[in-house]
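Shown next, in structure tokens, is the structure this report addresses.
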Amino acid sequence: MGAILLLLMFPINKKSDDCDRIRLCCPIHHRESPVTIASIAFTLFLIMNSLGMAPAILVLLKHFDEKKQRKIILREMLIALLIIFLFNYLGEIFFQWLQVGETTIQMAGGLILFLIAINMIFPRSKKHETSEANVDPFIVPIATPLIAGPSLLATVMFYAHEEPSVLKMLLAILIAWAASTIVLLSAPFLKKIIGERGLNAFERLMGLILTLIAVQMFLEGLSGFLSHSLAQPKT
Amino acid sequence: MSLAQIAVTFFLIMDPLGNIPLFISLLKDFEPKRQQIIIFRELVIALAVIIFFNFLGNEILSLLHITQATVQLAGGIILFLISLQMIFPKHQHPHAINPKEEPFIVPLAIPLVAGPSILGTVMIYAHQEEDNLKMTAAIFIAWAASTILLLLSSWLKKILGDRVLIAAERLMGLIMTILAVDMFNNGIVTFLKR
């Protein structure tokens, strides 16, 4: 997984001084994004929070045998992927329509990511109880909102608007989705090895890394906003 | 940042004083000699995990293009949150697992010693600090100090009592708050200078 991510980050991150100068006068056009597939995929993977979700999903599926469990997880993940793709497409149109600026997206996105991260670092007591545990959980609650929840969908919409290349977004989503699916399919095995406490610890650790990504995004927005508003009077 | 500063920060985050009551209650069914062996083994495992994240951190954060200002600002926020948890601790339930079983890796090594706080902080520092040797040395010093305290845990508890341990943990939390704010301020300066 890591090797694939490393390979992907190389070709797409070349920005020269020229590009920076162009970016100052017209920030939206001619912009080569500094965000690589790898970093989008990694962020989305962190937000999907498959390690943190694993215990809840196992409780929901405890009445099924292992083979059926795997089938349900795979089906739910495919549905979640469809929902994510839909919001990826929707995000682009929606924000264009609202005429939201690039710096707004970055600053608001950074704030939202930060709140998501805080939620992962200090998780509220998760309620595992469900009304009918025997019923095959279809779409709700695993596909949405556990996997394709509000935080993930909003983040995908933000990235979709910020990122001009649709192909890159789709690839990033697919990578993050595949990694999460692998984690969830091996959830019973993971729980046996590191236990529920270990999984909680990993969730918090991922929250801490997400904090970094959030602050980075916010700062990029802020410096974009500052240089843009300072450059405005001259033009 | 100096070696001493990094080592002190890591030592505070490892929070050995706060861990002493948990270690004692988890290991109370074993004879003292066996306890020492278990504590030492778990700490060696924790050290390996921390060193591993030290190397991993650098890779992941450079992949994400995290800048210096971000590391300092976010690091300050994270340290602040960790220190708040030390000053206002939540109730911990050590009896959630079967105490008769010998604890292996979970929960002593992970997450009590090598928990998310120390791993996250090590990753951040590893990215900020160019000198790898310095990082490893700092981790080792903090780890050695924690190990000594934890090996002496039953003795310390007898002398100081639970209340003093809790008070000491809070004091360490307060010191960490200062370190956190210092890091955050540095981050603001770095961002404004650019």
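Of the residues contained in the stretch A:228-235, one or more are found to be touching a helix residue (DSSP H, G or I) at 6+ places or on another chain (Cβ under 8 Å), more than 14 Å from chain B (Cβ to nearest Cβ), not aromatic (Phe, Trp, Tyr) and not in a helix (DSSP H, G or I). Among the residues of the stretch B:171-194, the ones that are exposed (fewer than 14 other Cβ atoms within 10 Å of the Cβ) and within 14 Å of chain A (Cβ to nearest Cβ) come to 5 in all. Could you check, for the stretch B:112-135, whether at least one of its residues is open to solvent by 10 Å² or more (accessible area, probe 1.4 Å), without any contact (Cβ under 8 Å) to a residue 12 or more places away in the chain, acidic (Asp, Glu) and away from every other protein chain (no Cβ under 13 Å)? Yes; the residues of the stretch B:112-135 include at least one that is open to solvent by 10 Å² or more (accessible area, probe 1.4 Å), without any contact (Cβ under 8 Å) to a residue 12 or more places away in the chain, acidic (Asp, Glu) and away from every other protein chain (no Cβ under 13 Å).
Within the stretch B:1-23, track down each residue that is of a type in the set (A, V, I, L, M, F, W, C) and open to solvent by less than 40 Å² (accessible area, probe 1.4 Å).
B:Ile6, B:Ala7, B:Phe10, B:Leu12, B:Ile13, B:Met14, B:Leu17, B:Ile20, B:Leu22, B:Phe23
Within the stretch A:40-87, count every residue that is open to solvent by 10 Å² or more (accessible area, probe 1.4 Å) and part of a helix (DSSP H, G or I). The number of residues fulfilling the criteria is 26.
Looking only at the stretch A:95-114, count every residue that is hydrophobic (A, V, I, L, M, F, W, C), touching a residue at least 40 places away in the same chain (Cβ under 8 Å) and open to solvent by 90 Å² or more (accessible area, probe 1.4 Å) and tell me the total.
First pass over the stretch A:95-114, keeping only residues hydrophobic (A, V, I, L, M, F, W, C): A:95, A:97-98, A:100, A:105, A:107-108, A:111-114.
After this cut, where a residue has to be touching a residue at least 40 places away in the same chain (Cβ under 8 Å) as well, the list is A:95, A:100, A:105, A:107-108, A:111-114.
From what is left, the residues that are open to solvent by 90 Å² or more (accessible area, probe 1.4 Å) are A:111.
Here the count works out to 1.
Could you identify the single residue in B:Ile38, B:Ile50 that is of a type in the set (A, V, I, L, M), closer than 26 Å to A:Gln216 by Cβ and open to solvent by less than 20 Å² (accessible area, probe 1.4 Å)?
B:Ile50
Selection of the stretch B:54-72 for residues being surrounded by 19 or more Cβ atoms within 10 Å (Cβ to Cβ), in contact with a Ser or Thr (Cβ under 8 Å, 6 or more places away or on another chain) and at the interface with chain A (Cβ under 7 Å from one of its Cβ atoms) yields B:Leu64, B:Ala69.
Just so you know, in the stretch B:24-35 the residues that are of a type outside the set (Asp, Glu) and outside any helix (DSSP H, G or I) include one that is least open to solvent (accessible area, probe 1.4 Å), and it is B:Leu27.
Residues are listed down the side, and each one gets a yes or a no for (1) among the β-branched types (Val, Ile, Thr); (2) touching a His at 6+ places or on another chain (Cβ under 8 Å); (3) modelled with pLDDT of 95 or more:
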position: B:Ile118; (1), (2), (3): yes, no, no
position: B:Thr121; (1), (2), (3): yes, no, no
position: B:Ala126; (1), (2), (3): no, no, no
position: B:Glu129; (1), (2), (3): no, no, no
position: B:Leu133; (1), (2), (3): no, no, no
position: B:Ile139; (1), (2), (3): yes, no, yes
position: B:Ala142; (1), (2), (3): no, no, yes
position: B:Ser146; (1), (2), (3): no, no, yes
position: B:Leu152; (1), (2), (3): no, no, no
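Scanning the stretch A:133-153 for residues that are part of a helix (DSSP H, G or I) and open to solvent by 30 Å² or more (accessible area, probe 1.4 Å) yields A:Thr144, A:Pro145, A:Leu146, A:Pro150, A:Ser151.
Restricting the search to the stretch B:73-90, which residues are among the small types (Gly, Ala, Ser), farther than 19 Å from A:Leu46 by Cβ and within 12 Å of chain A (Cβ to nearest Cβ)? Break it down stepwise before answering.
Residues of the stretch B:73-90 among the small types (Gly, Ala, Ser): B:74-76, B:83.
Then keep just the ones that are farther than 19 Å from A:Leu46 by Cβ; that gives B:76, B:83.
Result: B:Gly76, single match.
Would it be correct to say that A:Ile213 is surrounded by fewer than 22 Cβ atoms within 10 Å (Cβ to Cβ) and at the interface with chain B (Cβ under 7 Å from one of its Cβ atoms)? Considered against the rule, which asks whether it is surrounded by fewer than 22 Cβ atoms within 10 Å (Cβ to Cβ) and at the interface with chain B (Cβ under 7 Å from one of its Cβ atoms), A:Ile213 comes out as no. Right, B:Ile45: closer than 29 Å to A:Phe218 by Cα, touching a residue at least 40 places away in the same chain (Cβ under 8 Å), hydrophobic (A, V, I, L, M, F, W, C) and within 14 Å of another protein chain (Cβ to nearest Cβ) or not? Taking the combined requirement at face value, the residue does not satisfy it.
The values are calculated or read from the model by the stated rules, or taken from the named source; none is laboratory data. Note that the structure is predicted; figures quoted are calculated from it, not measured. Virtual Cβ from ideal backbone geometry, glycine too; neighbours counted across all protein chains shown. Accessible surface is based on the protein model in full, side chains and every heavy atom, while ligands, DNA and RNA are left aside. Shrake-Rupley method; radii C 1.70, N 1.55, O 1.52, S 1.80 Å.
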